[in-house]
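The values are calculated or read from the model by the stated rules, or taken from the named source; none is laboratory data. Quick caveat: nothing in here was measured; it's all calculated off a predicted structure. FYI the Cβ positions are ideal-geometry reconstructions off the backbone, even for glycines, and counts take in every protein chain you see. Quick note on the areas: whole protein, heavy atoms, side chains included, nothing else; ligands and nucleic acids left out. Shrake-Rupley method; radii C 1.70, N 1.55, O 1.52, S 1.80 Å.
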Amino acid sequence: MDEAGTSSSAGSAPRGGRPARSGVFYKFTQQDLPAWKPAMTPGYVIAIFLIIGIIFVPLGLICLQASNRVAEIVHRYDIDCVPNAYRSNKQAYIKDSSISKECIQKVKVQYHMKAPIYVYYELDNFYQNHRRYIKSRSDKQLRYGLKYTDSSCSPIEKSDGLPIVPCGLIAWSLFNDTYDFTRGSMGIVVDRKNISWRSDREHKYGKDVYPFNFQNGSLIGGGKLDPDIPLSNQEDLIVWMRAAALPQFRKLYGVIEEDIQADEIITMHITNNYNTYSFGGKKSLVLTTSTWLGGKNDFLGYAYLITGSLSIFLSILFALIHVKIPRPHGDAAYLSWSRKNGNN
């Protein structure tokens, strides 16, 4: 009798091959635990939509205001930097090393740009998220060097029988356009330090790993690396190796730590090295400030505004319907079997 009483109180011992119909585990599996089960009456639904609208609309206006405070210059240069004689054959221009790639472009600043001013390069129609491209890398090699040579870097794994560091398509296609800026006769200093994530520099790229046999083959993909600088200090490479999710993306090139006044003329000295002409890509240079919300992006503000406005509209619509055609809460006439009996 004592054993039976103990088994029954435990609530989990089997009885005839079946679990006891008590205890926390049984209640959990049967979804019979105490829980708050709100009854969504018309009043609650109207109030919820109204509260969402009241919160989201001001949030959307605040986000739009923050985005509008960002001063941004986007200048596409891949077409303008091609000499007129090569406009019909851009690939011949970009592949001919004997042709100067230096290009000078001027832009007028429309708004006051307060430091720090971030310099980005923007690529369009470049699919860094392609499966073969994004898998063509060796994270272990980037961290530990030549002792790791695995096939994941294919097809850029070896050159002339020697391993390549860093290997893979991502590193091989390193972006190598360069930018300098002047206003009048004065140069504008671009800080190229700390443009990558600190966690990447300290934990993903080795301090004693140096480029080896990189871009020494017959087919050159992009920029070259200084063999005397460890990978942890090659910040252009570190930024480039963070593959983008979309075909249009921006990557940080540097930071300008001085203000640029409105109506100033900025001269951009561009070295147009990178080949985007073979796949119909586009290149742009971006100068932008930032706010507490980040860079210029109107999407978040419009998303809040549309969602909030729609919620307020629905709350008003539901309120009118509830006033005109009220439905008592828990009215048995609306049960399915009651409607069937009424039809019969």
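Tell me, yes or no, whether region 136-157 has at least one residue that is under 20 Å from SER232 (Cα atoms), without any contact (Cβ under 8 Å) to a residue 12 or more places away in the chain, crowded, with 16+ Cβ neighbours inside 10 Å and not polar (S, T, N, Q). So far as region 136-157 goes, yes, one or more of its residues are under 20 Å from SER232 (Cα atoms), without any contact (Cβ under 8 Å) to a residue 12 or more places away in the chain, crowded, with 16+ Cβ neighbours inside 10 Å and not polar (S, T, N, Q). You will find that of ILE265, ILE238, the residue that is among the aliphatic types (A, V, I, L, M), more than 30 Å from LEU59 (Cβ to Cβ) and open to solvent by 60 Å² or more (accessible area, probe 1.4 Å) is ILE265 and no other. Here is a list of conditions, (1) in contact (Cβ under 8 Å) with a residue 24 or more places away in the chain; (2) out of contact with any strand residue (DSSP E or B) (no Cβ under 7 Å at 6 or more places or on another chain); (3) of a type in the set (D, E, K, R); (4) on the phi < 0 side of the Ramachandran plot, and ASP160 meets all of them except one; can you say which number that is? Condition not satisfied by ASP160: (4). In region 174-209, which residues are in a loop (DSSP other than H, G, I, E, B), among the hydroxyl-bearing types (Ser, Thr, Tyr) and touching a residue at least 60 places away in the same chain (Cβ under 8 Å)? TYR205 - this is the single residue of region 174-209 that is in a loop (DSSP other than H, G, I, E, B), among the hydroxyl-bearing types (Ser, Thr, Tyr) and touching a residue at least 60 places away in the same chain (Cβ under 8 Å). Of all residues in region 68-118, which are at pLDDT 95 or above and of a type in the set (Ser, Thr, Tyr)? Selection gives TYR77, TYR118. Looking only at region 136-158, decide whether some residue is assigned to a helix (DSSP H, G or I), among the acidic types (Asp, Glu) and out of contact with any helix residue (DSSP H, G or I) (no Cβ under 6 Å at 6 or more places or on another chain). Scanning region 136-158 turns up at least one residue that is assigned to a helix (DSSP H, G or I), among the acidic types (Asp, Glu) and out of contact with any helix residue (DSSP H, G or I) (no Cβ under 6 Å at 6 or more places or on another chain).
Residues of region 158-182 that are out of contact with any Ser or Thr (no Cβ under 7 Å at 6 or more places or on another chain) and of a type outside the set (A, V, I, L, M, F, W, C): LYS158, SER159, ASP160, GLY161, PRO166, SER173, ASN176, TYR179, ASP180. GLY223 passes every criterion in (1) open to solvent by less than 10 Å² (accessible area, probe 1.4 Å); (2) modelled with pLDDT of 95 or more apart from (2). Within region 41-88, the set of residues being touching a residue at least 60 places away in the same chain (Cβ under 8 Å) and either acidic (Asp, Glu) or part of a loop (DSSP other than H, G, I, E, B) (or both) comprises THR41, ARG69, VAL70, ALA71, GLU72, TYR77, ASP78, CYS81, VAL82.
Listed residues ASN125, ASN129; which is closer than 23 Å to PHE299 by Cα, outside the structural domain of LEU305 (by the TED database), at pLDDT 95 or above and open to solvent by 40 Å² or more (accessible area, probe 1.4 Å)? Give the steps one after another, and end with the answer.
Working: ASN129 fails: at pLDDT 95 or above.
Within the list ASN125, ASN129, the selection yields ASN125.
The residues listed here are SER196, SER173, SER185; of these, the one that is closer than 30 Å to VAL109 by Cβ and open to solvent by less than 80 Å² (accessible area, probe 1.4 Å) is SER196.
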